[in-house]
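Since the structure comes first, as structure tokens, the remarks are kept for the end.
The values are calculated or read from the model by the stated rules, or taken from the named source; none is laboratory data. The structure presented is a predicted model; accordingly, all values stated were derived computationally and were not measured. As a convention, Cβ positions derive from the backbone with ideal geometry for all residues, glycine included, and neighbour counts pool all protein chains shown. Protein only, heavy atoms only, side chains kept; ligands, DNA and RNA dropped before computing areas. Shrake-Rupley method; radii C 1.70, N 1.55, O 1.52, S 1.80 Å.
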Amino acid sequence: MDIRLLHPSDIPHVQQTNITNLPENYFCKYYLYHALSWPQLSYVAVDVSRPKKTLYDAPKIVGYVLAKMEEDPADGIQHGHITSLSVMRTHRRLGLAEKLMRQSQKAMYETYNGVYVSLHVRVSNVAALALYKDTLGFKVIGTEAKYYADGEDAFSMRMDLEHLKQEALDEESDEEDSLGKDEGAAVGSEGAGEEEVKKDSGEPKRKVKVGRQLGVGELVERNESAR
């Protein structure tokens, strides 16, 4: 399974995944708006278990996350928003939704310095609530009445991205610690023990000719003398 950035050419397949799984559907231009405005934030899960038969075969997209940065946040704080998340039923329970979400959240922090990420979820969507609350660490901050077109309420959820800052600092620290370290072992007299150095220094050294090291001329003379 491959998790990669959403390409504009993926949009028809992403839209099909959305229509198949969710009641909230969007026009293609809405997906394109996200892909062009915030190209680092939306990702797709591609099933690569079956190789393409031709170069023109479309990728088998089995999941996606559509995300953006709030352009005019009411609280004045730079933050991201998850517009839509979906995984095909045939590919659920593989951790794809979590991987898509974490990848998008990381991009929000690293690219746009997002402080937190928000989303809305139906109050009846038990599986999504478990993912957001138990797995990812989102918290419910309120309820918006009749948020969806069919009149269902939505939980407004939020997760701080401060932990990504600490993870980035830890990675930088590990890289700095690894710089300047000589991972190879010493060779020659540097690598030999003190007793080995003394032993080697006390013995006379002699030059020994080996057949493979004989010069070409010497080999030719030997061949002629043998005739």
Qualifying residue in the range 85-99 (condition: closer than 17 Å to Leu66 by Cα and among the charged types (D, E, K, R)): yes
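Can Tyr64 be described as at pLDDT 95 or above, open to solvent by 60 Å² or more (accessible area, probe 1.4 Å) and under 25 Å from Asp150 (Cβ atoms)?
no
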Those residues of the range 40-58 which are open to solvent by 60 Å² or more (accessible area, probe 1.4 Å) and charged (D, E, K, R), in sequence order: Arg50, Lys52, Lys53
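If I filter the range 98-109 down to residues being closer than 20 Å to Asn18 by Cα and touching a helix residue (DSSP H, G or I) at 6+ places or on another chain (Cβ under 8 Å), which single residue comes out as most open to solvent (accessible area, probe 1.4 Å)? Before the answer, list the steps.
Residues of the range 98-109 that are closer than 20 Å to Asn18 by Cα, as a first pass: 98-104.
With touching a helix residue (DSSP H, G or I) at 6+ places or on another chain (Cβ under 8 Å) added as a condition, the list becomes 98, 101-102.
Values: Glu98: 62, Met101: 0, Arg102: 97 Å².
Across the range 98-109, the extreme among qualifying residues is Arg102.
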Selection within the range 21-61 - more than 16 Å from Leu100 (Cα to Cα), of a type in the set (Gly, Ala, Ser) and touching a helix residue (DSSP H, G or I) at 6+ places or on another chain (Cβ under 9 Å): Ala58
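Residues that are open to solvent by less than 30 Å² (accessible area, probe 1.4 Å) and without any contact (Cβ under 8 Å) to a residue 40 or more places away in the chain: does the range 111-119 have at least one?
Filtering the range 111-119 for residues open to solvent by less than 30 Å² (accessible area, probe 1.4 Å) gives 114, 116-119.
Applying the additional criterion that residues be without any contact (Cβ under 8 Å) to a residue 40 or more places away in the chain yields 119.
Looking through the range 111-119, at least one residue is open to solvent by less than 30 Å² (accessible area, probe 1.4 Å) and without any contact (Cβ under 8 Å) to a residue 40 or more places away in the chain.
Just a yes or no: is a residue in the range 15-38 open to solvent by 60 Å² or more (accessible area, probe 1.4 Å), farther than 22 Å from Ala149 by Cα, modelled with pLDDT under 95 and not acidic (Asp, Glu)? Can you show your working first?
Kept after step one, since they are open to solvent by 60 Å² or more (accessible area, probe 1.4 Å), are these residues of the range 15-38: 16, 19-20, 23, 25, 27, 29-30, 32-33, 36.
Pick out the ones that are also farther than 22 Å from Ala149 by Cα and you get 32, 36.
Next, from what is left, pick out any that are modelled with pLDDT under 95: none.
The answer is no, given that none of the residues of the range 15-38 is open to solvent by 60 Å² or more (accessible area, probe 1.4 Å), farther than 22 Å from Ala149 by Cα, modelled with pLDDT under 95 and not acidic (Asp, Glu).
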Members of the range 75-97 found to be within 15 Å of Arg4 (Cα to Cα) and open to solvent by 60 Å² or more (accessible area, probe 1.4 Å), listed by number: none
